[in-house]
Amino acid sequence: DSGVGGLSILDEALRQLPQHDYIYLADSANAPYGEKSSDWIAARSLSLCKHLASIGCDAIVVACNTATAEAIKQIRSEISIPIIGVEPGIKPAAMQSQNNIVGVLATEATLKSDKFNALLNTLPNDCHFIKQAGAGLVPMIESGQADSEDTLELLAKHLEPIQDAGADTLVLGCTHYPFLSKAIRKLLGESITLIDTSEAVVRQLKRQLESVNKHNHAQEFGSVVLLSSKDEDSLLLMAYDLMSADLTAHLVKARVLGEV
Ligand code: DGL
């Protein structure tokens with residue numbers, strides 16, 4: 001991921017598949033990706049994935065909606081191990097919404113991407129989507145302020161059009177946003193359905209590992225290596241802070257990501 005957002009996917013992976021060894025790569029020196037150009041996001045995502053493949057990963061989860069939208073096709077065409085992407089859950093949202101009004105909170109790059117718009121076009125048009133770019137939210141989460149008053153204020157501004165439209169369902173279209181669930185509930189109440197695809201993404205990871213015979217492991221708990229392009233100590237602290245998985249059951253190490 002561009003930073004700590006993909007920890008929401010890692011959290012779910014440790015719950016469903018604790019026996020595997022994980023390398024988590026946070027490109028925090030370059031976050032946020034969501035306001036960068038398509039070409040930049042595609043090139044950077046591809047070189048990071050090549051790095052992960054070169055150090056021996058059996059599969060890669062592109063735990064970022066923005067990188068998936070801009071780069072997954074190219075990554076899959078250049079790397080031969082299973083590559084699992086994440087996309088905003090607009091399809092499950094359309095199925096679960098009772099009033100057919102669905103909010104989608106994602107990065108600007110994701111909302112503008114061809115991939116997202118192609119996905120949107122596959123859905124029946126009786127569901128109304130209110131798309132909102134969450135500008136500024138990722139840097140707040142990256143700086144450890146997911147629960148701060150300033151974040152709540154910014155989030156309230158972004159959620160206003162979604163709330164005004166009467167959405168009963170909200171798609172968390174960026175892997176950073178599950179860490180705002182508490183703040184979102186504070187603003188929108190308990191009745192709104194929040195759609196987070198991490199569970200489905202990890203189920204897909206399991207299927208893909210099975211398909212290449214890499215799923216079985218003798219160990220109960222694997223290791224977790226956290227790589228950061230910015231500050232490995234703060235990534236480690238954030239992981240303990242943001243994740244609900246019991247990290248103490250795993251051997252956890254944090255390292256700096258060198259030149260990639
Ligand atoms: N977590 C990312 C996503 O899912 C990217 C956020 C960003 O860097 O803008 O889209």
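The values are calculated or read from the model by the stated rules, or taken from the named source; none is laboratory data. As the structure is a prediction and not an experimental result, all values here were calculated from the model. Neighbour counts are summed over all protein chains in view; Cβ atoms, including those assigned to glycine, are modelled from backbone coordinates with ideal geometry. Surface areas here come from the heavy atoms of the whole protein model, side chains and all, with no ligands, DNA or RNA. Shrake-Rupley method; radii C 1.70, N 1.55, O 1.52, S 1.80 Å.
Quick look at the numbers
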{"item": "Rg [Å, one decimal], Dmax [Å, integer] - segment 31-111, C-alpha atoms", "result": "14.5, 48"}
{"item": "Amide proton proximity set for residue 130, modelled H, under 5 Å, gap of 5+", "result": "102, 103, 104"}
{"item": "Accessible surface of the chain [probe 1.4 Å, protein heavy atoms]: carbon and sulfur percent", "result": "47"}
{"item": "Distance (nanometres) between label positions extended 7 Å along Cα→Cβ at residue 203 and residue 37", "result": "4.0"}
{"item": "Extension gain, residue 101 back to residue 135 (0.36 nm per residue minus Cα-Cα distance, nm)", "result": "10.0 nm"}
{"item": "Signed unit charges on C-beta, dipole axis of segment 98-153, positive-most listed residue 120, 136, 102", "result": "120"}
{"item": "In segment 219-260, GluC sites (Glu not before Pro) in a DSSP loop with at most 16 other beta-carbon atoms within 10 Å", "result": "220, 259"}
{"item": "Sequence-separation-based contact order of the chain, relative, with Cα cut under 8 Å and 6+ spacing, percent", "result": "29"}
{"item": "Relative contact order [Cα under 8 Å, 6+ residues apart], segment 1-156, whole percent", "result": "22"}
{"item": "Karplus (6.51, -1.76, 1.60) ³J(HN,Hα), θ = phi - 60°, over segment 60-73, in Hz, Gly and Pro reported as x", "result": "10, 9, 7, 7, 8, 5, 5, 5, 4, 4, 8, 9, 4, 4"}
{"item": "Under-5 Å amide H pairs with residue 195, H placed in peptide plane, nonlocal only", "result": "170, 171, 172"}
{"item": "Accessible solvent surface per residue of segment 1-158, calculated while the other protein chains remain in place, 1.4 angstrom probe, Å²", "result": "42"}
{"item": "log₁₀ of I(q)/I(0) at q = 0.17 Å⁻¹ - segment 180-260, Debye sum with one point per alpha carbon", "result": "-1.02"}
{"item": "Under Karplus coefficients 6.51, -1.76 and 1.60, residue-wise ³J(HN,Hα) of segment 204-217 in Hz, glycine/proline x", "result": "5, 4, 4, 4, 5, 5, 4, 5, 10, 6, 10, 8, 7, 9"}
{"item": "Value in Å of the Kirkwood radius, where the chain supplies the Cα pairs that are averaged", "result": "18.6"}
{"item": "Cut-off under 5 Å, modelled amide H: who pairs with residue 64 long-range", "result": "86"}
{"item": "Total charge dipole magnitude, the chain, about the Cα centre, Cβ charges on Lys, Arg, Asp, Glu only, Debye to nearest 20", "result": "700"}
{"item": "Packing-based order for 180-191, 42-53, using average beta carbon neighbours within 10 Å, highest first", "result": "42-53, 180-191"}
